[in-house]
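**Student:** Shown below is the structure under consideration.
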Amino acid sequence: MRTDINRPIQMASRNAQKCGAGRRCLGWGEVRDALCFTMPDSENWKLLLSVYAKHPDTALNLAEQFHILKEFLQQGTKGIPKVIAELDEAIKALHPHTEFYKLGEKMYQQRIAGKLKPKHEHKLRDLGVKF
């Protein structure tokens, strides 16, 4: 586990509240309970974005992206589709940096090499993967 990246998330998870009705929830790694983050809380933002401490240029680029999203939202309802499109792109761009992506790549490589275990093959079929 890379502590430089996971530490802020682990710290934020300690500060998180259990989810209530109608709230979006997140969970990571060893944290088994679903966790809610009240993102307007500046401490959660500081913890989650602290991974940029050693990357000032990247931090600046991210701040610029947030500013663009803010400008779109200031356009009112006509800006909302732009914000959604930008957030969708950000979510897609984060995917390769997740364990989901790594696991998918590993299973893909096992499948094409003929080394995928039957129990994993059944699980993938249960998840809707066709091969």
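**Student:** Could you tell me the extents of the stretch 38-131's C-alpha atoms along the three principal axes, largest first, rounded to whole Å?
**Tutor:** That works out to 51, 36, 25 Å along the principal axes.
**Student:** Additional query: Can you list the lysines whose alpha carbon is less than 27 Å from that of Lys70, not counting same-chain residues fewer than 8 positions off?
**Tutor:** Partners within reach: Lys46, Lys54, Lys78, Lys82, Lys92.
**Student:** When the C-alpha atoms of the stretch 88-127 are aligned to their principal axes, what extent does each axis show, in angstrom, from largest down?
**Tutor:** 34, 21, 13
**Student:** Compute the FRET efficiency between Glu99 and Lys54 as 1/(1 + (r/R0)^6), taking r as their Cβ-Cβ distance and R0 = 22 Å, and round to the nearest 0.05. Intermediate values should be presented prior to the final figure.
**Tutor:** Working: r = 22 Å, r/R0 = 1.02.
That pair, Glu99 with Lys54, gives E of 0.45.
Only the coordinates and a few stated rules stand behind these numbers; no lab work does. Keep in mind that what you see is a predicted model, and the values were worked out from it rather than measured. Positions of Cβ are generated from backbone atoms using ideal geometry, with glycine treated the same way; all protein chains shown enter the neighbour counts.
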